[in-house]
1. Cα gyration tensor of the stretch 1-76, axes a ≥ b ≥ c as square roots of the eigenvalues: rounded (a/c below 1.5), prolate (a/b > b/c) or oblate?
2. Starting from the Cα-Cα distance between Thr196 and His238, subtract it from 0.36 nm times their residue separation and give me the gain in nm to one decimal.
3. Taking the Cα-to-Cβ direction at Arg272 and at Asp19 and moving 7 Å from each Cα, how far apart do the two end points lie in nm?
4. Give, in nm to one decimal, the length gained when the segment between Ala83 and Gln50 is fully stretched (0.36 nm per residue of separation minus the Cα-Cα distance).
5. For the stretch 54-209, what is the accessible area per residue in Å² when the probe is 1.4 Å?
6. Just reorder Trp158, Trp185 by solvent-accessible area, largest first, 1.4 Å probe, all chains present.
7. Expressed in nm², what is the orientationally averaged projection area of the convex hull enclosing the Cα positions of the chain?
8. Determine the share of the stretch 56-118's accessible area contributed by carbon and sulfur atoms, expressed in whole percent, with a 1.4 angstrom probe.
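The values are calculated or read from the model by the stated rules, or taken from the named source; none is laboratory data. What you are looking at is a predicted structure, and each value in this text was computed from that prediction instead of being measured. Cβ coordinates were reconstructed from backbone atoms using ideal geometry, including for glycine residues, and neighbour counts include every protein chain displayed. Areas reflect the complete protein model, heavy atoms only, side chains present, ligands, DNA and RNA absent. Shrake-Rupley method; radii C 1.70, N 1.55, O 1.52, S 1.80 Å.
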Amino acid sequence: MGFRRHGPFQAGDQVQLTDPKNKRHTITLKENGEFHTHKGAIPHSELIGQPEGSVVRSSGGTQYLAFRHLLQDYTLAMPRGAAVIYPKDASMIVGMADVFPGARVIEAGVGSGALTCFLLRAVGPEGRVTSYERREDFADVARKNVEKFYGGPMDDNWRLVVGDLVASIDEADADRVILDMLAPWECVDAAAKALTPGGVICCYVATTTQMSKTVEAIRDHGCFTEPHAWETLVRDWHVEGLAVRPDHRMIGHTGFLVSARRMADGVTPPPRRRRPKGTTEEL
C-alpha cells in the first residue's frame, strides 16, 4: 500500500480540487501537467510541494481547495462496471462485521472494487482479501480502480479470482466472508466451510425478497447464529447560526445487510424463542 496519505503533494499524487460551488475534480499530479476547465488552467507545479488544504487560483481567477481525496469520494466517482456499494454501507460492513487489521477476508461479487478498497484498508498490510467475481469485465474494472487508489498492484495482500465462489473457492479458516451478489443464499454452505469458528458472514442485498431468502438460508443451514438484518439511512443537517434543520435530501435505502457468526463444528444452535400469536408479552 504505497499510496501516500499525508505530507506535501508530490508528482503521482491524486488530488481533489473543489471550487466555490463545491464541484470536485480529481487529478493525478505530473511534473509538467496542467488542469484545465472553462474557469481557466492550473499548472500542477503550483500544487507540487504544497501542503494539503492549500488554495490555488486558476488563470481565470477561480479559487480551488486542494486535498487528497477521501476513500468515500473516490468510490463514488470511480469508473463503474457494476453499481458500487455506497460508503455508508461499506463502512457498516467494515464496522459491524468487525473487519480487523490482519484479518483474512473472502469477498464475492467484487463489482467495481469499491468495497474491496474499504476491506483492504481495514485488513492492513498484514491481512489478506480474496475477491471472487464471475464477470471478467467487472473484474478488470475493479482491478484498475483498486490499483489506481492504492498507487499500484496489491499482490501482497489481494487476490482477485475470476470465477464463481462455490466452484472456485480454495480457502479455509477465513475470518470474514462478505457476499455482494444477487443470490447470496446459494453461497451460504461454501461460506460456512471457509469460515473459522467465530467468523462472520455478511451479505449485502437490494430487496426485501433477497433479504428474506438470505436470512432463511443462514437460519436453516445450522452452522450460524441467528442472522441479524438491518439497513442504514443517512441524513445531513443544515447548520447556520440558529438556523438548524434536517436537510431536504437524504441517502435513504441503498441495500440491506444480513450478518451472522459461524459456530463451532457439531454445535446445534439453541432453539429460537418466538412470541405467541396474538400476544405482546415478552417471552
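1. Judged from the Cα gyration tensor, the stretch 1-76 comes out oblate (a/c at least 1.5, b/c at or above a/b).
2. Gain in length upon complete extension: 10.6 nm.
3. Calculated label separation equals 5.3 nm.
4. Taking 0.36 nm per residue and subtracting the Cα distance, the gain is 8.4 nm.
5. 41
6. Descending order: Trp185, Trp158.
7. Result: 19.8 nm².
8. On the way: 1360 of 2320 Å².
Carbon and sulfur together cover 58 percent of it.
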